[in-house]
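The values are calculated or read from the model by the stated rules, or taken from the named source; none is laboratory data. Just so we're clear, the structure is a prediction, and the values are computed from it rather than from any experiment. When we count neighbours, we look across all protein chains shown, and the Cβ atoms used for this are built from the backbone with ideal geometry, even at glycine.
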């Protein structure tokens, strides 16, 4: 085959291979980027910048909280209140200035506290809250107050933790420790405990426990009303109601308990020692930790009104073994 003919044949094959890719349309030609621009994206860079900003902001907020001044106003120098303070310090690494109301002199106790210009105020005990409740321009976190609504209303600069434990938690503990109890009785003054008792009724129904709740508006009515519960209840639930709980009614209650083999479930170790079978109490140290969490949020620029007022989150349980033996009751071990 002549050389020229072979060259022409080779060139024809090469041109056919080159033309296998169809030509780009005008739109494709306009939108096609140069090779040196392909593969570049702003998204990873933007994500990294956002992450760095968040880290810097959180670090700055935490530093701000740690450098803040908190005035701790404590009603009395007693162990439960000191436990709250220790729990608070374990959670909130801020500068604390302590004021014990019972040890302060002068008429203007609140003024002595405000002159220190704290960033936030933590109160421990009802007298402490009552002392500073009129302060409007400083956030306040309260603790160790049984019924905060008796001292404050809807102040927007105040939030905190009450000493109350949600009834569903208490009834769940009763069900676990005293599974034989099917019907529980209680006495209450609706002016003091109406909301709690309504919630307790709902919770008891969910737990499959009967709840006999009788209203009393005078402590003189307690013995008579309690006698009528005989034969209808397996246990009596003592609530922290000042109308129901007096020295006279307490004495009658424990005599009624022993005589009729009806155990008393109380809210205080004091009454556990006097003859109650079971106490359902608060954890003071944990309440301090709750208060510390709230305070940190406030110091990191969260408004107090945006932080709900809550009850104590942790429940402690104790058994009086001597009372259990007297009543012939077997209780489950507390986990």
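Quick notes on this structure:
- Residue within the stretch 159-170 that is surrounded by fewer than 21 Cβ atoms within 10 Å (Cβ to Cβ), without any contact (Cβ under 8 Å) to a residue 60 or more places away in the chain and over 30 Å from residue 118 (Cα atoms) present: yes
- Evaluation of residue 66 against (1) touching a helix residue (DSSP H, G or I) at 6+ places or on another chain (Cβ under 6 Å); (2) at pLDDT below 85 (one fails), failing number: (1)
- Selected residue (only one of 184, 209, 138 is assigned by TED's automatic domain parsing to the domain that holds residue 88, in contact with a helix residue (DSSP H, G or I) (Cβ under 8 Å, 6 or more places away or on another chain) and at pLDDT 95 or above): 138
- 1 or more residues over 28 Å from residue 74 (Cβ atoms) and in contact with a strand residue (DSSP E or B) (Cβ under 7 Å, 6 or more places away or on another chain): qualifying strands (runs of 3 or more DSSP E) within the stretch 116-226: 183-188, 210-215
- Residue identified as surrounded by fewer than 18 Cβ atoms within 10 Å (Cβ to Cβ) and either touching a residue at least 12 places away in the same chain (Cβ under 8 Å) or within 23 Å of the chain's Cα centre (by Cα) (or both) among 141, 109, 84: 109
- Scanning the stretch 199-222 for residues that are farther than 20 Å from residue 166 by Cα and crowded, with 16+ Cβ neighbours inside 10 Å returns 216, 219, 221, 222.
- The strands (runs of 3 or more DSSP E) falling completely within the stretch 250-335 that include 2 or more residues that are modelled with pLDDT of 95 or more and surrounded by 19 or more Cβ atoms within 10 Å (Cβ to Cβ) map to 264-266, 278-282.
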